[in-house]
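Structure record follows, encoded as structure tokens.
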Amino acid sequence: MGVLIKNGRVVTAVDDYFADIYIENETVSQIGVKLDIRADHEIDATGKFVFPGGIDPHTHFDMPFGGTNSADDFDTGTVAAAFGGTTTVIDFAIQTKGESTFKGLDTWHAKADGKATIDYAFHMIVTDMPDTRLPEMQKLADAGVTSYKLFMAYPGVLYVDDGTLYRTFRQAGLNGTRICMHAENGIVIDEIIKEAVRDGKLTPQYHAKTRPTRMEAEGVHRAISIAEVAQVPLYIVHLSSADALDQVKIARMRGVDVQAETCPQYLFLDESIYAGNALDPFEGAKWVMTPALREKWNQAVLWQGLKHHHLSAVATDHCPFCFNGTWRPGDAAPFQLGKELGRDSFTKIPNGAPGVENRMALMYHGGVVEGRLSLNRFVELTSTSSAKTFGLFPKKGTIAVGSDADIVVFDPNRTETISVNNPHTHHMRVDYSAYEGFVVKGYPDTVLSRGRIIVAGSELKTRGGGQFVKRARCEQLLR
Ligand code: URP
Ligand code: ZN
Ligand code: ZN
């Protein structure tokens, strides 16, 4: 006997109908009108939507970065994701320069296996790729890691040169895998940063001022050009500006296989927030992330891009650092440092912000309630598209017989105020909310991961049980 979800309005990327859903052995086994089945658990979804579980294709749990470590690990991060209606994350494993990508993969398995509450997969961040190690990429794809992230930003840390880009792109294309690109001209940006520092411009505001959108657009253009020549499908991560989106549009019109994601922070927040407040100008450090938040007018352009399919998905780039370090109860000092590392200079603020828990509610409210997206497009952008792009579909990303029962029963009438102090909206291990005070109408009520009820109402019902998911190659998706 399994779980029966009754009387819900089932919405996928293409469907919208009233039905009951019966779940057995982790997958959906029957969908029908008024199913007459006895189940262990019955969930009454009257007046509620039944959505495929959210997929967040861009998280950084337990990531060493910026002289510290991101504050959420696979335990706290996946619990927070579950509360927010996300049932799969694709996190970024990191290859250390000079070492094998498999060492990076082992490290990420050790961080996640046995800890996660929802299912997870990995992209691989490549920091160097000599010819001798190119064969690893095929084996990595066999292990279910079928996408790579490379960085044009962060010189001296994650940055790779154009030669490495081309070499890795070419091999990824030959293997039927995908490239994810952090596209920003980090070399030029570092020069602009040096000018600011020389002039004593050290407050968080200068994080945005030293990262012009032109340098993002240039990176996107260059990544697209290299991918086109190397013949590899390209996915631009965390696209933040109209300037950069123009480059994606032009390339897509030319027929290039390029997609791009944006993130809620670029749709709901803008660069004015870096000014901080009268009490503490450093408050702006909470939103120091890369790319930086942009001028507000970009938001409308990005929403249009989502609606008209120029942008393909909404991810969070969840990479939280506490404002005042991460503390364990009873400890005399934080066990991880946070944004305070950069009090004397914005260049030392760890880059990243929290959001894995807020994505679905923000996108439903800003998209569906405020009339910018259809219900189907909301599902597509928060779940289905990433499943298709990253080799998880139709196991994930839809509600269909045989698919994993990753399901969100979503209450369109539940209103929440997102806040670090609201126990319904904040389970992330970070001492602030990037969306403090935002009121959202519509919130996940019950969340299932492979048929297990993990969240019901405002309670966590199951901790742990998330599994690593091997992803298919792009070429397999075409068959
Ligand atoms: O500021 C950000 N985005 N931190 C995470 C690393 C990255 O670039 O995705
Ligand atoms: Zn990035
Ligand atoms: Zn990221």
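See the values below:
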| quantity | calculated |
| --- | --- |
| Of the GluC sites (Glu not before Pro) in the stretch 232-335, those whose Cβ has at most 13 other Cβ within 10 Å and which sit in DSSP loop | GLU295 |
| Ratio Rg/Rh [Cα only; Rh per Kirkwood] for the chain | 0.95 |
| For the stretch 275-292 versus the stretch 74-103, the gap between their alpha-carbon centres in whole angstrom | 26 Å |
| Approximate shape of the stretch 150-238 as ellipsoid semi-axes (Cα gyration tensor, √5λ), whole Å, largest first | 29, 11, 9 |
| The stretch 351-403: GluC sites (Glu not before Pro) falling in loop per DSSP and having at most 13 other Cβ within 10 Å | GLU370 |
| Surface accessible to a 1.4 Å probe, THR213 within the full protein complex, Å² | 40 Å² |
| Total formal charge among the other residues, if their Cβ is under 14 angstrom from that of ALA110, Lys/Arg +1 and Asp/Glu -1 | -3 |
| Hull-based mean projected area of the stretch 287-433, where the convex hull spans the alpha carbons, in square nanometres | 11.6 nm² |
| Theoretical gain in end-to-end length, ASP15 to PHE468 [0.36 nm per residue, Cα-Cα removed] | 160.3 nm |
| ARG9 - accessible surface, heavy atoms, 1.4 Å probe, Å² rounded to 10 | 70 Å² |
| Centroid-to-centroid separation of the stretch 422-438 and the stretch 3-37 [C-alpha atoms, Å] | 32 Å |
| The stretch 275-313: chymotrypsin sites (Phe, Trp or Tyr not before Pro) in DSSP loop, at most 10 other beta carbons within 10 Å | TRP297 |
| Projected-area mean, the stretch 1-136, by convex hull of Cα positions, square nanometres | 11.1 nm² |
| Candidate lysines for bridging to LYS470, where Cα separation is under 16 Å - those fewer than 8 sequence places away on the same chain excluded | LYS139, LYS388, LYS395, LYS396 |
| Using θ = phi - 60° and Karplus 6.51 cos²θ - 1.76 cosθ + 1.60, couplings along the stretch 170-182 (whole Hz; Gly, Pro as x) | 4, 5, 4, x, 4, 7, x, 10, 10, 9, 9, 10, 8 |
| Net lengthening on full extension, ALA400/ARG328 (0.36 nm per residue, minus Cα-Cα) | 21.7 nm |
| Charge sum, other residues only, whose C-beta stays under 12 Å from HIS309's C-beta, Lys/Arg counted +1 and Asp/Glu -1 | +3 |
| Long-range HN-HN contacts of ALA121 with modeled amide H, under 5 Å | VAL89, ILE90, ASP91, VAL469 |
| Net +/- balance of residues flanking GLY173 in space, Cβ distance below 13 Å, scoring K and R +1, D and E -1 | +1 |
| Inter-probe distance in nm under a simple model that places probes 7 Å from Cα toward Cβ, at THR415 and ASP128 | 5.7 nm |
| Order of exposure, largest accessible area first, which applies to LEU392, LEU279 with probe 1.4 Å | LEU279, LEU392 |
| Surface share of carbon and sulfur [accessible, 1.4 angstrom probe, percent] for the chain | 52 percent |
| Furthest towards positive pole of dipole, ILE226, GLY104, ALA285, structure part the stretch 53-376, Cβ charges | ILE226 |
| Where HIS109, HIS424 fall by accessible area, highest first, once all protein chains stay in place (1.4 Å) | HIS424, HIS109 |
| Point-charge dipole on Cβ atoms (K/R +1, D/E -1) for the stretch 194-240, about Cα centre, debye to 20 | 240 debye |
| Sequence of ASP431, ASP73 from largest to smallest accessible area, 1.4 Å probe | ASP431, ASP73 |
| DSSP bridge pairs, the chain: antiparallel proportion in percent, nearest 5 | 50 percent |
| Net charge dipole size for the stretch 394-478 [Lys, Arg +1 and Asp, Glu -1 on Cβ; Debye, nearest 20] | 480 debye |
| Accessible surface of ASP75 - all protein chains present, 1.4 Å probe, nearest 10 Å² | 40 Å² |
| Estimated dipole of the stretch 53-376 in Debye, rounded to 20 [Cβ of Lys and Arg +1, of Asp and Glu -1, Cα centre] | 440 debye |
| Accessible area of the chain divided out per residue, in Å², using a probe of 1.4 angstrom | 36 Å² |
| Using θ = phi - 60° and Karplus 6.51 cos²θ - 1.76 cosθ + 1.60, couplings along the stretch 327-332 (whole Hz; Gly, Pro as x) | 10, 9, x, x, 6, 7 |
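The values are calculated or read from the model by the stated rules, or taken from the named source; none is laboratory data. Values in this document were obtained by computation on a predicted structure and should not be read as measured data. Heads up, the Cβs are rebuilt from the backbone with ideal geometry, glycines too, and the neighbour counts pull from every protein chain shown. We work out accessible area using only protein heavy atoms, side chains counted, and drop any ligands, DNA or RNA first. Shrake-Rupley method; radii C 1.70, N 1.55, O 1.52, S 1.80 Å.
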